[in-house]
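Following: one structure in structure tokens, then a few remarks.
The values are calculated or read from the model by the stated rules, or taken from the named source; none is laboratory data. As the structure is a computational prediction, the values presented were derived from the model and not from experiment. Note that each Cβ is placed from the backbone with ideal geometry, even for glycine, and that neighbours are counted across all protein chains shown.
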Amino acid sequence: MNGNLPHFDVLPTHIGFIMDGNGRWAKRRGLPRGEGHKEGAKVFKKIGEYCADVGIRYMTFYAFSTENWHRPRQEVAGLMELFTEYLSDGELRLGDNETRQMRLHFIGRRDGLPAELLELIERAERKTAMYDRVHVNIALNYGGRDEIVHAVQQIAAQVADGSLAPADITEQTVADRLYTAGQPDPDIIVRPSGELRLSNFLTWQSAYSELWFSDVLWPDFTEQDVNRVIEDYAKRSRRFGGV
Ligand code: IPE
Ligand code: IPE
Ligand code: MG
């Protein structure tokens with residue numbers, strides 16, 4: 001673990017990270033986009049572990065959106081390979097998970113993912129299922145709207161079979177059927193790379209999230225940037241509609 005860790009009086013419970021800017025990072029170096037994704041995966045590990053070490057209990061990392069299938073076939077295939085390689089090297093990484101008592105959750109649509117990757121996802125979830133100190137969500141084949149549609153389908157099925165009355169549907173009914181059921185909403189969402197949008201990330205859960213933008217590209221994201229996020233978060237006044 002990290003030696004000289006800063007102490008923060010106020011910590012967000014849940015941080016969402018939109019890992020954007022890998023392609024531009026590679027382009028600036030005259031490298032193929034895939035090299036940016038490889039670097040991005042390393043930064044994912046570094047930032048996840050650092051957040052865990054400073055005491056963040058929940059994190060969600062956006063790795064692949066339901067819209068990212070629109071990219072050139074070769075880039076999509078390269079990303080699926082990268083995710084597969086990353087998780088096959090799981091013994092080493094799962095050891096790090098044990099040290100930090102970090103549980104992995106994959107959020108998003110399972111169908112459409114290569115079979116080998118699916119097996120590795122299930123293995124990573126199974127092998128970390130006993131940890132509860134830190135929860136890391138990896139949003140893969142994830143779309144916020146898609147997640148809500150999925151929840152609505154489950155609710156509609158229950159209404160149809162008579163186990164749920166329409167009048168009994170509350171915000172909690174919906175939240176309980178999202179991939180993040182049981183987890184706190186993100187307190188702050190971090191988007192690097194200069195884009196000022198959420199790109200279908202945690203659409204329901206972000207209703208009251210603080211937003212944090214930066215021009216830094218994800219592969220250049222550092223522990224100091226995390227410190228900045230936490231320090232800025234501590235200065236925000238969260239009113240939730242009150243005064
Ligand atoms: C984010 O980086 C990674 C994925 C969406 C998979 P990008 O690939 O979107 O990088 P830019 O935005 O083109 O720089
Ligand atoms: C958002 O980045 C998705 C991920 C980081 C996985 P994109 O690069 O896909 O977002 P847009 O297309 O710029 O909105
Ligand atoms: Mg992008």
TODO: For GLY36, state whether it is modelled with pLDDT of 95 or more and either touching a His at 6+ places or on another chain (Cβ under 6 Å) or away from ligand 1 (no atom under 11 Å from the Cβ) (or both).
DONE: no
TODO: Looking only at region 199-213, decide whether some residue is within 16 Å of ligand 2 (Cβ to nearest atom) and acidic (Asp, Glu).
DONE: no
- [ ] With respect to GLU81, determine if the residue is outside any loop (DSSP other than H, G, I, E, B), within 16 Å of ligand 1 (Cβ to nearest atom) and closer than 24 Å to ARG123 by Cα.
- [x] yes
- [ ] Determine which single condition ARG24 fails, assuming it passes every other condition in (1) touching a Cys at 6+ places or on another chain (Cβ under 7 Å); (2) within 10 Å of ligand 1 (Cβ to nearest atom).
- [x] (1)
Open item on the list: With in contact with a helix residue (DSSP H, G or I) (Cβ under 9 Å, 6 or more places away or on another chain), more than 22 Å from LYS46 (Cα to Cα) and surrounded by 13 or more Cβ atoms within 10 Å (Cβ to Cβ) as the only criterion, which of ILE107, ILE121, ILE155, ILE138 stands out?
Closed with: ILE155
TODO: Select the helices (runs of 4 or more DSSP H) contained entirely in region 138-243, then report the ones holding at least 3 residues which are modelled with pLDDT of 95 or more and more than 22 Å from CYS51 (Cα to Cα).
DONE: 144-160, 171-175
- [ ] Scan ARG133, ARG123 and give me the residue that is under 18 Å from the mean Cα position of the chain (by Cα) and more than 16 Å from ligand 3 (Cβ to nearest atom).
- [x] ARG133
Task: Residue check, ALA165 free of Cβ contacts under 8 Å to residues at least 40 places away in the same chain and among the small types (Gly, Ala, Ser) - done: yes
- [ ] Identify all residues within region 188-208 that are within 16 Å of ligand 3 (Cβ to nearest atom) and surrounded by fewer than 17 Cβ atoms within 10 Å (Cβ to Cβ); write none if there are none.
- [x] GLY194, GLU195, LEU196, ARG197, SER199
